[in-house]
Each structure stands twice: as structure tokens, then as C-alpha cells.
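Heads up: the structure comes next, in C-alpha cells.
The values are calculated or read from the model by the stated rules, or taken from the named source; none is laboratory data. The structure displayed is predicted, hence computed values, not measured ones. Methodologically, a virtual Cβ is constructed for each residue, glycine included, from the backbone with ideal geometry; neighbour enumeration extends over all protein chains shown. Note: areas computed on protein heavy atoms with side chains; ligands, DNA, RNA excluded. Shrake-Rupley method; radii C 1.70, N 1.55, O 1.52, S 1.80 Å.
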Amino acid sequence: MNRILIPITLSLAAKTVDAAEPEVSLVQYQVGASLSDEVPFDVKPMGHKYGAQLAFLVKGESLVAFKEDSVVIDSITSRDSKELSKSSNGKASWKEGSFPKVGEDGNLASFSVEIRGDLMGKIEGATIKGSVVMLTGGETDEGSATVSKGAKAVEIGPFKVSIAKGGMFAGNGTSIKVQGDYASIIEISATDGGKKLDSSGSSWSGDTKTFSFGKADGDSLEVSIRYWKNLTEIKVPVSVTVGGE
């Protein structure tokens, strides 16, 4: 069963960044106090969440994707030197947020962290230290092949490509299944009899990603994929102060 928004895992050797490589900054934070059950839903502020939500921006070059579950928060130290990264039972009070994003030009990316607890008036001025691992690419390559309904998967570069049945976003359209390290894919297109099909979304699970397109009239499609070669893991340090120094 396909599931969406599951980051990938690649077996790559991580390296530590130097000053010329990606940098992380805190660009937004929101703090919510605990509200009792006496406060009805229609009275609660729009988007209210208990605890703190922090958004980080990564600036770099050739950024491709975030490594799965790679955000690590080593410490959250308040202005009065209290440690906020752990709850009273010793477990981590933070978790990596959903929907990390990487810009198409590879120069910007964003991720988020959620921290649970009574942080109103406490998170401001706190120092956060940790790291995140990003995948970067250097050279690009592209390839294409004819893919037919009901036929075995064909190879396009390092990927195995086939026409799939259904697809989370396909509806009455066409689904293209791609097996391999799909995080390196920059662009994929499907052409039916010289007509380029519109893309309508994608879903993924494990090492397989299914791309949905408009309905194809023919039984064969010309599929083209442009992708990054030689992905590299880079461990980027996180060191910020909430609300500035």
C-alpha cells in the first residue's frame, strides 16, 4: 500500500560541513500555551498548538533532499540555563516536523521541529544546538525509454520504470512506477503519441515512487527522467538562538 510523505533512506557516508557549505537559520517560531477542555474549538485561536513550532531555512548549493529522520536536537538551553530538550520523564520533548521542502533550484530548503511543553516565555532566548543531514548532488544526467502497459519494467539510468495500475493521484489517468533512489529525480515526464501528459502528483513507499499523469490513449509511453548523479550526504550543524541573541 502506498503512503505519502515518507522520506527516503540512502546508504551514503556522511561528512561534516565547513564554513563554505550549507548553513541553517531559524526563520519562524510559534508558541502556544496549554488550553483546558473548557475552551471550545470554535474559540481556540486559529492554528493553535500546545508547545512550540520552529521553522528552519537551509541555504546551500545543489540541495536535493533531507535524509530520513536525520534531524537531531542535542540541546535546547533556556536563558536561565534550563534544559528544555527533555520532558520530566527523560524522553525527548521534540520531534521532527512534517513536510520538509527543497527548492527546485537547489539553493534553499526548509524543515521544522515541534517541541512539547509549557514554553510560553521560556523558548524566547533559548539556544538550540543539533544537526540535520542533507543530500546534495553534483552532475546531472537524463535518459528516456518506451514503457508499455503490462510489460516488464525497463531501465532508465539507475531506475526501473513500468506502467502501474491505479495510483493515489491518478484517478482515471496513468501511473508510472519508478524503483530506485527516487530522491535524485529532478524531473520526470510521460509522452503519449507526441502529447506530453500533465502531472497530477506522486506517492511513495520504500524504494518505489509512483508518479501520476493524465489519461493516456495509447498502450505505450515515452518516459524521460532527469536526475542527479552521485548523491552525497552532508551533516549540517544547527546552532541558533530563538528570537535572536
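Please give me the summed charge of the neighbours of Ser85: other residues whose Cβ is under 12 Å from its Cβ, Lys and Arg +1, Asp and Glu -1. List each step's numbers first, then the result.
On the way: positive: Lys82, Lys86, Lys91, Lys95, Arg116, Lys129; negative: Asp74, Glu83.
Here the count lands on +4.
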Shape category assigned to the stretch 13-92 from the gyration tensor of Cα positions, a/c cut at 1.5: prolate
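Residue separation times 0.36 nm, minus the C-alpha to C-alpha distance between Ile186 and Asp69: what's the value? List each step's numbers first, then the result.
On the way: separation 117, 0.36 × 117 = 42.12 nm, distance 2.17 nm.
Using 0.36 nm per residue and subtracting the Cα-Cα distance, I get 40.0 nm.
Glu61 to Val154: extension gain in nm, 0.36 nm per residue of separation minus the Cα-Cα distance?
Details: separation 93, 0.36 × 93 = 33.48 nm, distance 3.19 nm.
Net length gain for the segment: 30.3 nm.
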Could you work out the relative contact order of the chain, using alpha carbon pairs under 8 angstrom and six or more residues apart, expressed as a whole percent? 25
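For the stretch 112-245, what is the accessible area per residue in Å², given a 1.4 Å probe and the full set of protein chains? Don't skip to the end; give the middle numbers.
Values: 6560 Å² over 134 residues.
I get 49 Å² per residue for the stretch 112-245.
Show me the chymotrypsin sites (Phe, Trp or Tyr not before Pro) within the stretch 15-78 that DSSP assigns to loop and that have at most 10 other Cβ atoms within 10 Å of their Cβ. Display every interim value, and only then the final one.
Values: sites: Tyr29, Phe41, Tyr50, Phe56, Phe66; in loops: Phe41, Tyr50.
In loop regions of the stretch 15-78 (DSSP not H, G, I, E or B), the sparsely surrounded chymotrypsin sites (Phe, Trp or Tyr not before Pro) are Phe41.
On the accessible surface of the chain, probed at 1.4 Å, how many percent belong to carbon and sulfur atoms?
Whole-percent figure for carbon plus sulfur exposure: 47.
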Once both label points are put 7 Å beyond Cα along the C-beta direction, the Ser220-Lys91 separation in nm becomes 5.6
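So which trypsin sites (Lys or Arg not before Pro) in the stretch 27-106 end up in coil per DSSP with only 10 or fewer other C-beta atoms within 10 Å?
Working: sites: Lys49, Lys59, Lys67, Arg79, Lys82, Lys86, Lys91, Lys95, Lys101; in loops: Lys49, Lys67, Arg79, Lys82, Lys91.
Loop-located and lightly packed - Lys82, Lys91.
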For a label point 7 Å along the Cα-to-beta-carbon line of Tyr50, residues of the stretch 82-122 with backbone N under 15 Å: 87-89, 93-94, 115-120
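Write out the trypsin sites (Lys or Arg not before Pro) in the stretch 138-245 meeting two conditions: DSSP loop, and at most 15 other Cβ atoms within 10 Å of their Cβ.
On the way: sites: Lys149, Lys152, Lys160, Lys165, Lys177, Lys195, Lys196, Lys209, Lys215, Arg226, Lys229, Lys235; in loops: Lys149, Lys152, Lys165, Lys215, Lys229.
Passing sites in the stretch 138-245 are Lys149, Lys152, Lys165, Lys215, Lys229.
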